[in-house]
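Q: Just passing along the structure, written as structure tokens.
The values are calculated or read from the model by the stated rules, or taken from the named source; none is laboratory data. The shown structure was predicted, so the numbers you read here are calculated from the model rather than taken from an experiment. Don't worry about glycine lacking a Cβ; one is built from the backbone with ideal geometry, like all the others, and counts go over all protein chains shown.
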Amino acid sequence: MLEQARALLKRVYGYDAFRPGQADIISGLLEGRDTLAILPTGGGKSVCYQIPALILEGTTIVVSPLISLMKDQVDALNRLGIPAAFLNSSLGAAEYRTVLRSAAQGEYKLLYIAPERLDAPMFSSLMEQMSIPLIAIDEAHCVSQWGHDFRPSYRQLAGWISRLTDRPLVAGFTATATREVARDISEMLALRSPNVFVTGFARSNLALSVVTGVDKRRFLRDFLAERPDQSGIIYAATRKEVEQVCDELHRQGIAAAKYHGGLADDERMSAQERFRFDEVRVMVATNAFGMGIDKPNVRFVIHWQMPGDIESYYQEAGRAGRDGDDSECVLLFSPQDVQVQRFLIEQGQADEDRRAVQMSKLYTMMNYSRTERCLQQYIVEYFGEADVPACGRCSSCLDDTEATDMTADAQKALSCAGRMKGRFGLTMVAKVLKGSKDKRILEMGLDRLTTYGLFRDWAEKEITEWLYWLVAEGYMRVSDGAYPTVSITARALPVLEGKEQVYQKRKQLKRRASSASSAGSPLFEALRSWRKEAAAREGVPPFILFFDATLREMADRQPQSEDELLGIKGVGSAKAQKYGDQIIEVIRSFAATEGERPQAASAPLRSEASLGEGTDDQPSHLVSLQLFQAGHTVKEISQMRGMGKVTIEGHIIRAAGEGEPVDWSMIIPDGQERLILDAIDAQGADKLKPIKDALPDDVTYFAIHGVLCKHGIR
Ligand code: ADP
């Protein structure tokens, strides 16, 4: 049976081999075993139930909480030649009835249903009318109270399923579940001796980083300027911040959209669609934007603040790189984020037990933000995985800052915490170390401890930071509950006994260099524009047709026939048939024009006589650029071409803005770039004069234009 599954993987999806876990999960299902599969985002969960659905008789029901995702899945399946449909609140009454009727006639291999729709009468009538071999439950962690995303409708659904006498196979899928949550899912769904698969949570294509102590706005501006062709999400904690960050991006000329709970439904919908259709490259959003996002080419996810737990963080960050290409996840951390999250928990509706769970999750998240260990390791260990090697690509792994011996300071702090015997919170320990005259300290006689005032010279904030660092590194622990206290752990003992040293990296917080820009080859770009048009004709997002990686492989291998096209990863037979001719046409016509294309950078210079104007194949601004690149100054070019200096400068900037390679150091003199960026920061980018006025006289308009262009600000 697995052979059959493998053949379908190739024929239908165009993939050569199963990803880790897929083959086991599929063969378990085909043998009739209930299943609980925990695969990381992008791990390929859908294939795990879609292939069995193709093999098993009848219609597989897929329960999914995400309306937009359902539509995408169904659109994608239909393009693969698989009959599928969905039932959710986005359908009108008539459409709804049509789908139900067709479902009853067994026309679909897969039927996606929102859990809210599956009430008792609906459920039993489906069971009566249809032959259902398998119920697949996506985002199965929503059934667990201990998870971070509990949904009552899932609980109800679990009830219906568990009470069925003649029930189909049941399989739960999720990307985020600690052991506790996994057990809970299995019990709640009443899985019968299930096959449980945990394939590992590590995502080898994600580079995680935590960035502390930077000016977030400047960080963002530089980050985006270094990645002008990449699409990504910025998560902010509040609506207000979403608005502010989005406005700022608009001022910089970046195509950004916003998404939060305060916007009308149609505004949110439109923002989401524009993002999915690649019309805007950056989405700024609260965590309301999320579960439905399966856009595969999200190249970065930036968190403007720390979220409340690792599950949320990893789920949100994990929306980067679903297509398997290298992607970045950056957490911009500042210590007050912790206060905000704590406040949210305290003000929340949850009962005391739940609040204690949330608080302890918050501390784990906080430790992530401060740890010097491999970030990927930290996360996967949280989900219960052991012995995972360091990733080698996160900000901790790449940090080669020299570590400082901090043993003496660690001993002082730990000894103080030890003497306070786990009865006080971290702030109190900090106050004692500071030698504070706080009334409570004096009342409790804490000023008589020998460690009182040991850090008298430190700022209290610094002491708190230091204590948090010791917590993050596991020398101290913060208890659960509404009034968390700190105590020392077993790891602190050898330090206190002088048997072990403590080293801390005093971070310079270098930013990671940008991952290789995916600015495509011209053919890749041509294929991308074909995809955009073709997708628009069908009213679906471009990625439903093909992923970037597939287009890139087409651009590399330039297939000339349908057969060759089938050899490309991500091209199955239905898509090859449907789009093959169009793609081959794009490739052929590209090859034909490419042969004659003038190569702006390498073409020999024309004689000066012809330099006065552009020609059909060489527009005027490119002629100026060519001369500039050949080493002529703007003044010389203006003389040669009989044009004004400002015109020539305009030519060069325009060409650079169109993506022509230029030597920036010839436009922006050494040392001026930073100055100019600061002036733009202070004056805004709307008008040039205030920027010029704020700068030393020797900074030219040309250099200012250059910086604006280089950083994509205008
Ligand atoms: P998940 O739901 O686990 O986040 P998906 O099911 O959306 O992931 O799969 C992520 C991407 O990986 C999809 O585009 C899918 O087509 C692709 N994929 C799945 N299985 C394979 C495979 N065996 N080989 C290559 N790509 C695959």
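Q: If you go through the range 271-279 one residue at a time, do you hit one that is closer than 30 Å to R354 by Cα, outside the structural domain of G539 (by TED's automatic domain parsing) and crowded, with 24+ Cβ neighbours inside 10 Å?
A: no
Q: How many residues, within the range 1-25, are acidic (D, E) and away from the ligand (no atom under 11 Å from the Cβ)?
A: Summing the residues that are acidic (D, E) and away from the ligand (no atom under 11 Å from the Cβ) in the range 1-25 gives 2.
Q: Here is a list: G474, G453, G435, G445. Which entry is touching a Lys or Arg at 6+ places or on another chain (Cβ under 6 Å) and at pLDDT 90 or above?
A: G435
Q: Could you run through the range 664-688 and say how many residues are touching a Phe, Trp or Tyr at 6+ places or on another chain (Cβ under 8 Å) and farther than 27 Å from D247 by Cα?
A: 2
Q: Of all residues in the range 136-170 being touching a helix residue (DSSP H, G or I) at 6+ places or on another chain (Cβ under 6 Å) and among the small types (G, A, S), which is farthest from I61 (Cα to Cα)?
A: That would be G147.
Q: Now a separate question. Sort out for me the helices (runs of 4 or more DSSP H) sitting completely within the range 371-428 that have 2 or more residues that are in contact (Cβ under 8 Å) with a residue 24 or more places away in the chain, out of contact with any Cys (no Cβ under 7 Å at 6 or more places or on another chain) and charged (D, E, K, R).
A: Filter on the range 371-428 gives 407-419.
Q: Going by what's in this entry, would A94 be described as surrounded by 19 or more Cβ atoms within 10 Å (Cβ to Cβ) and either outside any helix (DSSP H, G or I) or not basic (K, R) (or both)?
A: Judged against the criteria, A94 is not a match.
Q: Give the residue, chosen from G262, G290, that is within 16 Å of the ligand (Cβ to nearest atom) and surrounded by fewer than 19 Cβ atoms within 10 Å (Cβ to Cβ).
A: G290
Q: If you take just the strands (runs of 3 or more DSSP E) that sit entirely in the range 256-363, which of them hold at least 2 residues that are in contact (Cβ under 8 Å) with a residue 40 or more places away in the chain?
A: 282-285, 298-303, 327-333
Let's see how each residue does on (1) more than 30 Å from S360 (Cβ to Cβ); (2) touching a strand residue (DSSP E or B) at 6+ places or on another chain (Cβ under 6 Å); (3) polar (S, T, N, Q):
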{"site": "Y108", "(1), (2), (3)": "yes, yes, no"}
{"site": "L111", "(1), (2), (3)": "yes, yes, no"}
{"site": "D138", "(1), (2), (3)": "no, yes, no"}
{"site": "C142", "(1), (2), (3)": "no, no, no"}
{"site": "R151", "(1), (2), (3)": "no, no, no"}
{"site": "A158", "(1), (2), (3)": "no, no, no"}
{"site": "T178", "(1), (2), (3)": "no, no, yes"}
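Q: On to the next question. Can you tell me how many residues within the range 429-446 are in a helix (DSSP H, G or I) and under 48 Å from the mean Cα position of the chain (by Cα)?
A: Residues in the range 429-446 being in a helix (DSSP H, G or I) and under 48 Å from the mean Cα position of the chain (by Cα): 10 in total.
Q: Within the bounds of the range 45-60, is there any residue that is outside any helix (DSSP H, G or I) and either under 26 Å from G324 (Cα atoms) or not assigned by TED's automatic domain parsing to the domain that holds S193 (or both)?
A: Within the range 45-60 (the criterion being outside any helix (DSSP H, G or I) and either under 26 Å from G324 (Cα atoms) or not assigned by TED's automatic domain parsing to the domain that holds S193 (or both)), the answer is no, since none of the residues qualifies.
Q: Which of the residues that make up the range 656-714 are surrounded by 15 or more Cβ atoms within 10 Å (Cβ to Cβ) and basic (K, R)?
A: Matches in the range 656-714: K692, K710, R714.
Q: Let me ask another. Restricting attention to the range 26-50, and to residues there that are crowded, with 20+ Cβ neighbours inside 10 Å and away from the ligand (no atom under 11 Å from the Cβ), which single residue is nearest to G318 (Cα to Cα)?
A: Ranking the candidates gives L36 first.
Q: Another question, if that's okay. Please enumerate the residues belonging to the range 98-141 that are part of a helix (DSSP H, G or I), surrounded by 18 or more Cβ atoms within 10 Å (Cβ to Cβ) and either within 16 Å of the ligand (Cβ to nearest atom) or among the hydroxyl-bearing types (S, T, Y) (or both).
A: Selection gives A140, H141.
Q: Which number in (1) surrounded by fewer than 19 Cβ atoms within 10 Å (Cβ to Cβ); (2) on the phi < 0 side of the Ramachandran plot; (3) in contact with a Lys or Arg (Cβ under 9 Å, 6 or more places away or on another chain); (4) in the same structural domain as R370 (by TED's automatic domain parsing) marks the one condition that G213 misses?
A: The single condition G213 does not satisfy is (2).
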